[in-house]
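The values are calculated or read from the model by the stated rules, or taken from the named source; none is laboratory data. Quantities reported herein were computed from a predicted structural model and do not represent experimental measurements. Using ideal geometry, Cβ is built from the backbone for each residue, glycine included, and neighbour counts are taken over all protein chains shown.
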Amino acid sequence: MLAAYDGNTWVDWSWVGDHGDDILARLREHATLTLWALLLGLVIAFPLALLSAGQRPMRAVVIGLTGVLYTIPSLAAFALLLPFTGLSRTTAIVPLATYTLLILIRNIFAGLDGVPVEVQDAAIGMGYSRMRKLFRVDLPLALPTIFAGIRIALVTVIGLIPVAALIGQGGLGQLMRDGFERDFRTPLVVGVALTVALAVTADLLVLGIQRMVTPWTRRDR
């Protein structure tokens, strides 16, 4: 019962101990939502960016469309999807994925635009086809900028997921919602702290992956 806990303290450790399983379940749910949203965003963003990178009109349309999607309030997006997907994980994942598109696509464009012209000319001079040049030269050199976009998108999604608690799919946001509704600080503090910890951990993990797949960007000390 709520009366058994001190609602005035910032962290009631007895509550944390009694609800450890629930906290871990919410943390796993938060991580799962993050992964699915980011993966869906990448699956959509990469083909769109690669198809439109060399076509200025199409590129402008893609940026404009993803920019519009980025401005749609999350609550409005949930409301639009509810008649079709109900109070399901899909209702949370789809809007979260759309918020990654602008970030990912802009960074893919920026990475490809940053490939030195002389490198591209050298690849063409060696007889590389357009597709071979893209996958063997352009994309590898663009990876640091692309990974920067992935890191931003990842942290953005982790920070937005708690809003999905309003439809019962908020991961750690469920703890925050519980704390607000009961005027009980501990679930709120635990939810916020673990969300920040998850964001920092995920960012460092992706940074580590980036360093492994782009060894040429490391500087000898």
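Okay, here's what the table says:
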item: Any hit, region 107-130, residues being of a type in the set (Lys, Arg), exposed (fewer than 15 other Cβ atoms within 10 Å of the Cβ), free of Cβ contacts under 8 Å to residues at least 12 places away in the same chain and assigned to a helix (DSSP H, G or I); result: yes
item: Test: residue in region 200-211 that is surrounded by 14 or more Cβ atoms within 10 Å (Cβ to Cβ), basic (Lys, Arg) and at pLDDT below 95; result: no
item: Residue ID - nearest to Leu139 (Cα to Cα), chosen from residues in region 54-106 that are in contact with a Leu (Cβ under 9 Å, 6 or more places away or on another chain), among the small types (Gly, Ala, Ser) and without any contact (Cβ under 8 Å) to a residue 60 or more places away in the chain; result: Gly54
item: Selection count, region 153-187, where residues are among the aliphatic types (A, V, I, L, M), touching a Gly at 6+ places or on another chain (Cβ under 7 Å) and either surrounded by fewer than 20 Cβ atoms within 10 Å (Cβ to Cβ) or in a loop (DSSP other than H, G, I, E, B) (or both); result: 1
item: Among residues of region 208-218, those that are free of Cβ contacts under 8 Å to residues at least 60 places away in the same chain and assigned to a helix (DSSP H, G or I), counted; result: 5
item: Helices (runs of 4 or more DSSP H) completely within region 1-91 that count 1 or more residues being of a type in the set (Asp, Glu) and crowded, with 17+ Cβ neighbours inside 10 Å; result: 20-52
